[in-house]
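The values are calculated or read from the model by the stated rules, or taken from the named source; none is laboratory data. Everything quoted here is computed from the prediction, not taken from an experiment. Every residue, glycine among them, receives a Cβ derived from its backbone with ideal geometry; neighbour counts consider all protein chains shown.
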């Protein structure tokens, strides 16, 4: 009986330690100018919604003091059904305004039968933009949306799971990832977080939650 009790106690301690090791602490990030640093955009905050306007080249809205290694990033985003002028997403493991990885979306492709396979994109800047990845690895770092949002003008929910170098992207609560890749820069395994918009693109974002893993 004592041996059994000792085994139970040992198992409980082990389970607790594993929970601490693999656990994540969720953090909701407030939509306030005090928490962000904007690059190449005008930003507005209204009733919990963040808006980045459209300009040439890409823009970022970095979270201050947001060092991130592994964990989960969740948010809601909305773009426009405007071909070539709506690229909206999230940057992570950023070490400068030019050096980061990102997941972004092309809402104008969601319902396009010929281009829906190019709806969500992974990039690793500055050396691996979408054009280079599409040329060198056709179809590997981009995918269609699963499930497909109702339209390119609607809000949709994104969950990005990062266990460097593994990366998975889930849409609207789906249990099946819409994109699953390994990050290209295996040395770039931590850095800043922030919203990202592409060339001549504006975007709307809300309900950002970050869960950092201890492993």
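Do we find that residue 181 is in contact (Cβ under 8 Å) with a residue 60 or more places away in the chain, within 28 Å of residue 114 (Cβ to Cβ) and buried (at least 19 other Cβ atoms within 10 Å of the Cβ) in this structure?
no
So residue 84 passes all but one of these: (1) surrounded by fewer than 19 Cβ atoms within 10 Å (Cβ to Cβ); (2) on the phi < 0 side of the Ramachandran plot; (3) not in a strand (DSSP E or B). Which condition number does it fail?
Residue 84 satisfies every listed condition except (2).
Looking only at region 88-113, count how many residues are assigned to a loop (DSSP other than H, G, I, E, B) and crowded, with 24+ Cβ neighbours inside 10 Å.
Of the residues in region 88-113, 1 are assigned to a loop (DSSP other than H, G, I, E, B) and crowded, with 24+ Cβ neighbours inside 10 Å.
One line per residue, one yes/no per condition, for (1) in a strand (DSSP E or B); (2) surrounded by 15 or more Cβ atoms within 10 Å (Cβ to Cβ); (3) at pLDDT below 95; (4) touching a strand residue (DSSP E or B) at 6+ places or on another chain (Cβ under 9 Å):
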| position | (1), (2), (3), (4) |
| --- | --- |
| 131 | no, no, no, no |
| 140 | no, no, no, yes |
| 146 | no, yes, yes, yes |
| 153 | no, yes, yes, yes |
| 161 | yes, yes, no, yes |
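What are the residues in region 184-201 that are crowded, with 21+ Cβ neighbours inside 10 Å and either without any contact (Cβ under 8 Å) to a residue 24 or more places away in the chain or not in a strand (DSSP E or B) (or both), if any?
The answer is 198, 201.
From the list 52, 61, which residue is in contact (Cβ under 8 Å) with a residue 60 or more places away in the chain and more than 16 Å from the chain's Cα centre (by Cα)?
52 is the lone residue from the list that is in contact (Cβ under 8 Å) with a residue 60 or more places away in the chain and more than 16 Å from the chain's Cα centre (by Cα).
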